[in-house]
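In what follows, a single structure is set out as structure tokens and then discussed.
The values are calculated or read from the model by the stated rules, or taken from the named source; none is laboratory data. Quick caveat, the model's predicted, so the values are computed rather than measured. Cβ placement follows ideal geometry from the backbone for every residue including glycine, while neighbour counts extend to all protein chains displayed.
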Amino acid sequence: MKSKNLFWFITALWIGFGIFPLTLIVLKLGHSQEIHARVLSLFLLILVVLAIVIIAICRYVYKDAKSRGMDPYLWMATAAYVPNFVGLIVYLVMRKQFSMGILKCTNCSMEIKRDWKYCPNCSHRLQERN
Ligand SMILES: [Zn+2]
């Protein structure tokens, strides 16, 4: 399976078997036991905040991984879906090793050296890395 498909597969699993049934259960509890509306809105608020955090992590990791020549979807799935931010920490640790090793031109994916200013293959200006 391609890592892009894997990412969307996990996302679908999360929504299908996690968020969706949980929302149904909470809505049903709210009906049958007359839980205060505040509990329901708190639950929905947590869901929305969680979604925003996950989307923010995905956006950051996607850009960052791509610029380092790492597989953006694979790392997005790791960072967003391994619980308790363990995946994100793994990514932050791993990316350092990646940037110490092979670097690739963001334009043509040719292997480049860290201190090169321009890609010898396509003359793309390489960003400075510290
Ligand atoms: Zn290039």
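With the condition being within 17 Å of the chain's Cα centre (by Cα) and under 28 Å from Ser3 (Cα atoms), I'd like the helices (runs of 4 or more DSSP H) fully within the stretch 16-126 carrying at least 3 qualifying residues.
It comes to 37-67, 72-81, 86-100.
Considering only the stretch 64-74, I want to know if a residue exists there that is crowded, with 17+ Cβ neighbours inside 10 Å and within 16 Å of the ligand (Cβ to nearest atom).
Yes, the stretch 64-74 has at least one match.
Only one of (1) surrounded by 17 or more Cβ atoms within 10 Å (Cβ to Cβ); (2) within 16 Å of the ligand (Cβ to nearest atom); (3) of a type in the set (Gly, Ala, Ser) fails for Ser109. Which number is that?
(1)
Pick from Leu92, Leu40: which is surrounded by 13 or more Cβ atoms within 10 Å (Cβ to Cβ), at pLDDT below 80 and more than 16 Å from the ligand (Cβ to nearest atom)?
Leu40
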